Amino acid sequence: MSNPNPPAAAVVAPRWVRWFGPIALAAFALFLLRISAGVAGGSDSSGYLNSARLFAEGRLLADLRAPAEFGPRETVDAMHFLPQGFFPFREPGRLTPTYPTGLPLHFAAAGTLLGWQIGPLTVMLAAALGAVLLMYACGRELGLAAETALAGAALLAAFPVFLFTSIQPLSDTPAATWTLAALYAALRARRDTRWALAAGGAFAMAVLVRPTNLLFAPALLVLLGANFGKLAAFVAGGLPGAAWLAWYNHQLYGSAARSGYGDIFAAFAWSYGAPTALHFAKWLAFLLPAVVLVLPAWAWRHPEHRRPLLALGLGFAAITGLYVFYEVSHEVWWCLRFILPAVPLLLLAALLGFEVLVAGFGARARRAAVIGLALWGLGLGAWWTPRLDVFLMKAYEEAYPEGAQLALRTLPHDALVLSNAFSGTLYFYGEFPVLRWDQVEGARFADYAARARAAGRPLGALLFDWEEADAFKRCPGDWRQLGAVRNVRLWQLGPAPAGSTPPAAPAR
């Protein structure tokens, strides 16, 4: 049922919060800019940016760059020339992006307006700052004191997983930002029905960025209540996004219910549940003040908190509960990025419990408790972030475009480039066709090399040092180093051995 007594608007924040908050946010923005890399790097970042480039060019599909001497499009094995982040389309010679459209649409707009160097960086910075601001705003809408809401924003900003996903082109931070935007609008809709429309729009964007955010719907419906006007506005706000998603999926994948991820259910199993739950609990307790895992229980004691607490609990449980059964969620600490949209919900529920817990304290004691909680979170962030090598992500990611630029400067423009990790990067920054060393080996590679030589096409290789042993084992030959940057080396295959037989012409 709808809430008969909608909450009153939050009291105006104290003056010190109003001047300290913007200063702290500006300092955080400068900090992020120093450690961010808005480049087309590994499979995720290059996949999102390659998809964004297609949107900016008014296209849905990419072209397969397979050299003509290897045969007609219908006979070429597309998997051998497939950049990371793509999958073969049903029409030969065309490729479909793998990733959801939400983040690429952001990048396409920013890239068109600001260029492809500044645009992606701007999107990620705006998403991170937006999440911190919305964390504070949601806290205030939930009735938290200004200093408690500010502490919540600090806890999110210092969370190492949040930093990790905010300094490179990944979908996790934008997914969390749009989830918070939908939550904020739904909270505002308790007082003003018009905000339900905004809640629907923000929720649609959250789903476009991360389709599993669809699981947040029940939480929003709890907040909106059984009010036909609010529910109708919510649905109306989400319809354009839903229509776009259905149309895009149908065009590229053959059905509105299918996505570029293929059979995603194959990656989930009950057996992952226990180890992943322990993994999530351990790292949440390490990277956040451990007390946040139990504080929501105190919030339930306050009758006015029960409805929003139910919504926050539903959202957290649904999103986290799904990824508990995902096959890779338990592997490393940064796999918590999959549940990043749920982490602010946990923090907000904990802050509600925190205020119930300290309600009987005097003003000074409450302020000291808030400061202590904030410093606890900031201290954990300061301790763990460098030890988890988050500050090295900029160097790691920038090795990708630097390696691509080395190849562009050194290799002939028609070279075929052996690669795997660099395949999506090369597709974004240049026109080279790529040959995936992880997809070919032995006689098949020898045949490709011979045909390329016969056509006068040079064959290069752009590889990280950790790829070289496997790459050259699968694709042997007289590889000669042409240059290096960071831990990346550029190679070129030497001439064919004397007396070798040229390949037969490919069948037509």
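Every test in (1) assigned to a loop (DSSP other than H, G, I, E, B); (2) in contact with a Pro (Cβ under 7 Å, 6 or more places away or on another chain) is passed by residue 208 save one, and that test is (1).
Restricting attention to the stretch 371-430, the residues being surrounded by fewer than 16 Cβ atoms within 10 Å (Cβ to Cβ), outside any helix (DSSP H, G or I) and over 21 Å from the mean Cα position of the chain (by Cα) number 3. Set side by side, the residues 236, 256, 243, 266 differ, and just one is surrounded by 14 or more Cβ atoms within 10 Å (Cβ to Cβ) and either closer than 27 Å to residue 199 by Cα or within 23 Å of the chain's Cα centre (by Cα) (or both), which is 256. Condition (residue is exposed (fewer than 14 other Cβ atoms within 10 Å of the Cβ) and either closer than 30 Å to residue 193 by Cβ or not assigned by TED's automatic domain parsing to the domain that holds residue 200 (or both)) applied to the stretch 277-300: is it met by at least one residue? Scanning the stretch 277-300, I find no residue that is exposed (fewer than 14 other Cβ atoms within 10 Å of the Cβ) and either closer than 30 Å to residue 193 by Cβ or not assigned by TED's automatic domain parsing to the domain that holds residue 200 (or both), so the answer is no. Can you confirm whether the stretch 233-256 contains a residue that is of a type in the set (S, T, N, Q), outside any loop (DSSP other than H, G, I, E, B), in contact (Cβ under 8 Å) with a residue 12 or more places away in the chain and not assigned by TED's automatic domain parsing to the domain that holds residue 94? Yes, the conditions are met somewhere in the stretch 233-256. Among the criteria (1) of a type outside the set (A, V, I, L, M); (2) surrounded by fewer than 22 Cβ atoms within 10 Å (Cβ to Cβ); (3) not in a loop (DSSP other than H, G, I, E, B), the one residue 45 does not fulfil is (2). Pairs meeting the criteria (first residue in the stretch 267-283 and of a type in the set (D, E, K, R), second residue loosely packed, with under 14 Cβ neighbours inside 10 Å, beta carbons under 6 Å, at least 6 apart or on different chains) are lacking. Only one of the numbered conditions (1) farther than 25 Å from residue 51 by Cβ; (2) at pLDDT 95 or above is not met by residue 436, and that is (1).
Annotation note: of 460, 424, 442, the sole residue that is over 29 Å from residue 53 (Cβ atoms), among the small types (Gly, Ala, Ser), in the same structural domain as residue 81 (by TED's automatic domain parsing) and touching a residue at least 24 places away in the same chain (Cβ under 8 Å) is 442. Filtered by the rule that a residue be closer than 24 Å to residue 44 by Cβ, of a type in the set (Ser, Thr, Tyr) and modelled with pLDDT of 90 or more, the stretch 251-282 gives 253, 272, 276. Just one residue in the set 183, 114 is at negative phi, surrounded by 24 or more Cβ atoms within 10 Å (Cβ to Cβ) and not aromatic (Phe, Trp, Tyr); that residue is 183.
The values are calculated or read from the model by the stated rules, or taken from the named source; none is laboratory data. Since the model is a prediction, treat every value here as computed from it, not as a measurement. When we count neighbours, we look across all protein chains shown, and the Cβ atoms used for this are built from the backbone with ideal geometry, even at glycine.
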